[in-house]
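Below is one structure, written out as structure tokens; the observations come after it.
Here, each number is a calculation from the coordinates, and none is a lab measurement. On a predicted model such as this, the values are computed, not experimentally measured, just so you know. Virtual Cβ from ideal backbone geometry, glycine too; neighbours counted across all protein chains shown.
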Amino acid sequence: MDHEIKSLDIGTMHVISASVSADCRIRFKKIRNAFLKIHVEQSMSQFLKQEELQYAEIGEDLYALGDSAFKMAGITGKDVSRPMQDGVLNPKEPRAEIILKLLIEALVGKAQGEGAICYYSIPAEPFQREKRVIYHSGIIHTILEDLGYKAVAVNEGLAVIYSGLADRHFTGIGISCGCGLINVCLSRKAQVLDAFAIDRAGDWIDDNASKAIGEPAHKVMLVKEGGLNLLSPQDRTENALAIYYKDLIQYVVECIKDRWHDSGRVSHFDGPVNIVCAGGTALPAGFIAILRSELKKARFPLRVDQVSLAKDPLYAIARGCLIGAVNDGSSHFIRQCAAHRRTACRPKKPSPAVKKPRSRPKARPRRIKRS
Amino acid sequence: MSEHLPEAASDKVKSVHLVNIPTKVTGVDIIESDAKALGRLHQKPKRQQHQPKPEIKLHVKTDKLKRHTSIKRPAVPEASRGILGIAFYAVGRFISAISNVIK
């Protein structure tokens, strides 16, 4: 591949990268956006290496990273720390920037040559919050430029639209349901008409459900990620999660309705629009059904045609950012893929047939004339 | 914007061990078609090229051309003939010329 093309979905719970490999395939890599400070002992780093856990030594401290942080949290009984909170860098963690830099470098690596592109997702500014997105975006931009990439920021909601509404000319509503924020984007032919964020999301559900039933938040999170069905909860924990999910969806629909009611932004649309959702918080079964019913109840300012979940909702934002990056470096990518396809599909030349030697006809016996 | 993240001495990274990151591989076809669709939307519309005006060949004899190209001044009306009439006519023409210039 002449030019590297990569993308990053930098979420509160997961950091996901997508890259186009030389054989024209897309590789998605996912890592938990978490760390845990471990007591430094000589045996500890050996133990971590033997168990093939992910860790880093920073200064005089040892940190378990990613999924290993959750494993060590289960062993030690501590809570994991997060470099991000509410969709942006966590101001309470002094090492948030360094940890995030290590995770990003592990996913995308250093750029191999010139012209490498990396599109990364950023949230929109939430309602009535101080402007932390500017700092967050600036740090990510610096990290990627340091690794040798041309870094371009893409709104999360727009990335969902790139991923899920290509058949509708990138027109409609994209909702990214993450852990820290829910990002909403209204777009018409890939032009953003409005983008905003709501500060209730997956973490809000976990915190409130855990307080309501007296269970630790990480246990509630495991139940949520373990195949929850919002329409038929099986036990007390699932019931609490279903109640808070319904409340969250109602709140999101009300926020969108209040923002776009009597707004010139929706006057661009004559016909109904599609809504596509993505992100880990939208994964539980019944999410789309509840959203459809809430949209029907509320007097939504736009006519809605279809409400659907993006294909591979957890990877949809990274995929959407990759579509933007491919469009940026499109001529090289499309040429490269076409050439790769030609060589892969070229029919094999048949092997030359082995020519059998001509067999000489048997000599006829001579007739001897008798005089 | 600074090219590098500022790093304090206490924040120096001594070693990193990030292995076994879960990877998922898919084909590229869908992304390629979606990126082409996005590219088509971002393309500016092609300007219509102005067609050159066709050459008009005049098949006119030169003496007729000269006659047609000469500027004919309108004739002085009969009522204006006479010195006073001519004077009034001249003043009127002068005033209209000045008003055209002012416009």
- Task: Report, in degrees rounded to the nearest 10, the 0 to 90 angle that the Cα long axis of helix A:330-345 makes with the longest principal axis of chain A.
- Result: 40 degrees
- For helix A:133-146, what angle does its Cα long axis make with the longest principal axis of chain A, in degrees from 0 to 90 and rounded to 10? 30 degrees
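Would you mind working out the magnitude of the charge dipole of chain A relative to its Cα centre, with +1 at each Lys and Arg C-beta and -1 at each Asp and Glu C-beta, to the nearest 20 Debye?
On the way: 54 positive and 41 negative charges, 1029 e Å.
Using Cβ point charges on Lys, Arg, Asp and Glu, chain A gives about 4940 debye.
Treating only the Cβ atoms of Lys and Arg (+1) and Asp and Glu (-1) as charged, compute the dipole magnitude of segment A:227-322 about its Cα centre; round to the nearest 20 debye.
140 debye
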- Message: I need A:LEU314, A:LEU165 ordered by Cβ neighbour count within 10 Å, fewest first.
- Response: A:LEU314, A:LEU165
- For the table A:LYS71/A:LYS101; A:LYS29/A:LYS92; A:LYS110/B:LYS36; A:LYS311/B:LYS14, the rows whose alpha-carbon distance is greater than 29 Å are A:LYS311/B:LYS14
- Message: As a footprinting exposure proxy, order A:ILE317, A:ILE26, B:ILE31, A:ILE213 by other Cβ within 10 Å, with the fewest listed first.
- Response: A:ILE213, A:ILE26, B:ILE31, A:ILE317
- Amide H partners (placed H, <5 Å) of A:GLN85, local residues excluded: A:ASN90
- Item | Amide H contacts of A:ASP194 (H built 1.01 Å from N, under 5 Å, at least 5 apart or other chain) | A:LEU186
- Message: Output wanted: per-residue J couplings in Hz (rounded whole) for segment B:23-36, from phi through Karplus 6.51 cos²θ - 1.76 cosθ + 1.60, θ = phi - 60°, x for Gly and Pro.
- Response: 10, 10, 10, 9, x, 9, 4, 5, 5, 4, 5, 5, 5, 5
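What is the fewest-to-most order of A:HIS141, A:HIS218 by other Cβ atoms lying within 10 Å of their Cβ? Kindly include the intermediate steps, with their values, before the conclusion.
Working: A:HIS141 18, A:HIS218 14.
Going from least to most buried by this count: A:HIS218, A:HIS141.
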- Taking the Cα-to-Cβ direction at A:PHE269 and at B:SER96 and moving 7 Å from each Cα, how far apart do the two end points lie in nm? 6.4 nm
- Task: Please give the helix A:67-76 orientation as an angle from the longest Cα principal axis of chain A, in degrees from 0 to 90, rounded to the nearest 10.
- Result: 50 degrees
- Note on the structure: A correct Karplus calculation of ³J(HN,Hα) over segment A:299-309, with 6.51 cos²θ - 1.76 cosθ + 1.60, θ = phi - 60°, whole Hz and x for Gly and Pro, returns 7, 5, x, 10, 7, 10, 8, 10, 10, 9, 9
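What does DSSP give for chain A in terms of the percent of beta bridges that are antiparallel, rounded to the nearest 5? Walk me through the intermediate numbers first.
On the way: 36 of 56 bridges.
Beta bridges within chain A, antiparallel portion: roughly 65 percent.
For A:22-35, what's the mean count of beta carbons from other chains sitting within 10 Å of each residue's beta carbon?
Working: counts 0, 2, 5, 4, 8, 4, 5, 4, 4, 3, 0, 0, 0, 0.
Across the residues of A:22-35, the mean count of other-chain Cβ atoms within 10 Å is 3.
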- Note on the structure: Quick calc: nm separation of the 7 Å Cα→Cβ label points for B:ILE86 and A:VAL192 -> 8.1 nm
- Write down, largest first, the equivalent ellipsoid semi-axes of chain A in whole Å, where each equals the square root of 5 times an eigenvalue of the alpha-carbon gyration tensor. 50, 31, 23
- Query: Using the per-residue mean of other Cβ atoms lying within 10 Å as a proxy for protection, in what order, highest first, do the peptides A:186-193, A:321-328, B:23-30, A:80-87 fall?
  - Reply: A:321-328, A:80-87, A:186-193, B:23-30
- Note on the structure: The answer for the net charge of residues other than A:ARG236 whose Cβ lies under 13 angstrom from its Cβ, with Lys and Arg +1 and Asp and Glu -1, is -2
